[in-house]
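Taking it in order: structure first as structure tokens, then the write-up.
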Amino acid sequence: MHKSTAWPLAALYAALVAYASLFPFVEWRDQGIASWEFLLAPLPRYWTGFDVAINIAGYVPLGGLVVLGALRSGWPRISVWLAPLGVMLLSLLMEALQSYLPLRVPSREDFLLNSLGAACGAAIAFVLQRAGAIDRWNQVRSRWFVSHSRGGIVLLSTWPLGLLFPSSVPLGLGQVVTRVEEMLRSALLDSEFERWLPEGPTEWPALAPSTELLCVALGLLIPCLLGFCIVRARWRRVVVVVVTTTSAVLVTALSAALSWGPGHAWAWLDLPTQIGMLAGAGLALLLVLVSWRVSAAVALLALGVYLSLLNQAPESPYFAQTLQLWEQGRFIRFNGLAQWVGWLWPYVASLYLLGQIARRDTKT
């Protein structure tokens, strides 16, 4: 029996929604207002279609995932319909906590729109269940994936989300050394351990085109190899390569369009990136014949090289300006969802692959 991926995806999504709602987590204090006072505030003067759409859309997946998890767990129907209330309470809690953050503004309208999104997601999931779409997905999953594939499916499902957040190298996930160094420097300020750190931020030289090409190739090869660990048939592995490559191109183009404008959607696709994408897809196609254990071992090796090279890539001033747009501008709600996935995905994938290699049960 397959375990449902809905609950782990819902838990991950809820954690990231909480991060996005409370970012940047600084200057917490009592501002002299009740945490529920926003519910009685007057109507806002200014409102945009973007605000409405993002508040609704942001909670649709969470509402749907919670209901799917409840349905797959065999909950009674009344429990299934009560599940979206938990998502609404989460939204209410996030708005109330924003009352203690000077940089965030709690809003009754945000809460209502989030609740509407959760209800829409729940209704969509229930309709899909009644129409038999969930049962058909279970049949497809049984044909395509091995048992105990839940973790791999979750990782493959969240990989495109990590690509949404802009990176200094296309398909570059897991670039955390600079941020970790900044966090350590801040935490150890004026302590005896401060002298253990370098005197200033580490200045990395610009990556050579060949190194950038290799990072792009490995960035595409790794999720393909991860897919090979949970997909049985070889011809289906070819489909994994095609879908992964297509997703990488389209999501990275979407990220560039959001960051720099639609006219620059393909600015990232320079010659090293093009060759790297072709090399990554070509290597993945050559490896469709290997066993899942070999796929996992090669993916782990590729992750080690990939993270080592990527964390030596510098951040250009233009890239830093793009990050500021995402972290402080209108994309602040995407920030937690995409940034944390982009930071942590390769490391979680490494732990998953190590766990798969350690398993004693047979996979074919």
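No value in this document is a laboratory result; all are computed from the given coordinates. For clarity, every value in this text was computed on a predicted model and none was experimentally measured. Heads up, the Cβs are rebuilt from the backbone with ideal geometry, glycines too, and the neighbour counts pull from every protein chain shown.
Put a dot 7 Å past each Cα toward the Cβ at T211 and D270; how far apart are the dots in nm?
Computed distance between label sites D270 and T211 equals 1.4 nm.
May I ask you to compute the full-extension gain from L286 to A15, defined as 0.36 nm times their residue separation minus their alpha-carbon distance, rounded to one decimal in nm?
Taking 0.36 nm per residue and subtracting the Cα distance, the gain is 93.8 nm.
Which order do the peptides 217-227, 109-119 take when ranked by the mean count of other beta-carbon atoms within 10 Å per residue, highest first?
Taking the mean over residues of other Cβ atoms within 10 Å, the ranking is 217-227, 109-119.
What's the FRET efficiency of A297 with W260 using the Cβ-Cβ distance as r and R₀ = 51 Å, to the nearest 0.05?
0.85
What FRET efficiency comes out for A131 versus V243 if R0 is 30 angstrom and r is the Cβ-Cβ distance? Round to the nearest 0.05.
The formula returns an efficiency of 0.80 here.
Report Rg (one decimal) and Dmax (nearest whole number) for the stretch 228-296, counting Cα atoms only, units Å.
Final numbers for Rg and Dmax: 14.6, 43 Å.
What distance in nm separates the simple spin-label points at I357 and S191, each placed 7 Å from Cα in the Cβ direction?
3.3
Would you kindly calculate the mean projected area, averaged across all directions, of the convex hull enclosing the Cα atoms of the stretch 217-256, in square nanometres?
That works out to 2.8 nm², a quarter of the Cα hull's surface.
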